[in-house]
Amino acid sequence: MSTIPLTHYLVVAAALFSIGLAVAITKRNAIGVLLGLELMLNAVNLNLVAFSRHDPELIRGQLFALFVIVVATVEVTVALAIVLRVYSHYRTIDPDQVSDLRR
Amino acid sequence: MEQVAFYGFSALAIGSALFILLTRNLMYAAFGLFLALLGVAALYVLAGADFLAITQLLVYVGGILVLLIFGIMLTRPAGERPDASQPNRVVVVNDRRFWGLLLSVLLFCLFSFTILAGNFALVGDTLISRSTIRTLGVELMTSHLLPFEIAGVLLLVALVGAAYLAVNRNPSA
């Protein structure tokens, strides 16, 4: 059916993962870091889906990707709740400035 | 035709990911994430994962992205006066540029080398063009029932935990 080789999917996913890592490192904002994490999770899902093309009977890669999406949702909700608490305490969500544990 | 679509949507996803990396306005970064997620969903369709593409659009674009934009709006930097008549400009400093870019470029080179050097022995046919919903449903309800239930419990725990965490219990602080 498909004429696109598997390695092309993998290279696209590798590029997305690397860019997501760069976003997570360079953004000095907790929500910017979350954006990078979402990109990385999507790259991993793309890998799983691309490999699951060769498993047409029980598409285990797609099932795993479905669970990855669920866990990504959970991660974002809890992370945003924590970010809101941090903001109300420190008045900033720059991860470099949130450095003291004491009130 | 399929190749044009594949490379077009790949370029869309990677280009908007680069836009997220380079822009300083966090609102624009969120919209760039929208385009990147759209491109990835189209790549899912091209890889034969129709249900996963729809799930991606529903969950990420409909849920996570709206949540992230709410988070951006609610956590404006102190000292910045929001002006209701102006477009949203949430400027974020990009720091550690050198190390971030160096690390990611090195990682991409490593990945590309591994992928291109690796010779994947792929047995089995490629996915024929039919809907995957039936297979996914049967598998979720038979052999993957325990992870399915655990995912449900995890979602409930996250719902309760996020509601508990987000409440400000010390209004004077």
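Taken together, the values in this text are just the output of simple stated rules run on the coordinates, not laboratory data. On a predicted model such as this, the values are computed, not experimentally measured, just so you know. Counting neighbours? That spans all protein chains shown, and the Cβs are built from the backbone with ideal geometry, glycine included.
Relative contact order for chain A: 25 percent, from Cα pairs under 8 Å spaced at least 6 residues apart, divided by residue count.
Which whole number in µm²/s is D for the stretch B:1-117 by Stokes-Einstein, with the Kirkwood Rh taken over Cα pairs at 20 °C and 1.002 mPa s?
So the translational diffusion coefficient is about 130 µm²/s.
Rank these for me by crowding, A:LEU48, B:LEU116, going from fewest to most other beta carbons within 10 Å.
Details: A:LEU48 22, B:LEU116 11.
Least crowded to most crowded, the residues run B:LEU116, A:LEU48.
With springs connecting C-alpha atoms under 10 Å apart, model chain B as a Gaussian network and identify which of B:LEU58, B:LEU38, B:LEU102 has the largest mean-square fluctuation. With Cα springs under 10 Å in chain B, the top fluctuation among B:LEU58, B:LEU38, B:LEU102 is at B:LEU102. In this entry, the protein assembly as shown is assigned a mean projected area of 16.7 nm², taken as a quarter of its C-alpha convex hull surface. Checking the a/c ratio against 1.5 first, then a/b against b/c, what shape does the Cα gyration tensor give for the stretch B:131-173? Judged from the Cα gyration tensor, the stretch B:131-173 comes out prolate (a/c at least 1.5, a/b above b/c). Membrane-span-like helices in chain B, defined here as complete DSSP H runs extending at least 15 Å along the helix axis by their C-alpha atoms with mean Kyte-Doolittle hydropathy no lower than 0.0, are B:2-22, B:26-46, B:97-117, B:145-166; this is a sequence and geometry rule, not a statement about a membrane.
Given an 8 Å cut-off on Cα distances and at least 6 residues of separation, report the relative contact order of chain B as a percent. Write out the running numbers ahead of the final one.
Details: 93 pairs, mean separation 36.1, N = 173.
The normalised contact order for chain B reaches 21 percent.
For the stretch B:19-78, the Kirkwood hydrodynamic radius from C-alpha pairs, put into Stokes-Einstein at 4 °C and a viscosity of 1.567 mPa s, yields a diffusion coefficient of 105 µm² per second.
For a quick check: sort A:ASP100, B:ASP50 by the number of other beta carbons within 10 angstrom, fewest at the front.
Working: A:ASP100 7, B:ASP50 17.
Going from least to most buried by this count: A:ASP100, B:ASP50.
Please give the length that would be gained between B:ALA11 and B:ASN25 if that part of the chain were fully extended, namely 0.36 nm times their separation in residues minus their C-alpha to C-alpha distance (nm, one decimal). Before the final figure, lay out the partial values.
Numbers: separation 14, 0.36 × 14 = 5.04 nm, distance 2.17 nm.
The B:ALA11-B:ASN25 span can extend by a further 2.9 nm.
For chain A, the fraction of C-alpha pairs farther apart than 24 angstrom is 38 percent. Taking other C-beta atoms within 10 angstrom as a stand-in for reagent exposure, B:ILE64, B:ILE133 fall in the order B:ILE133, B:ILE64, fewest first.
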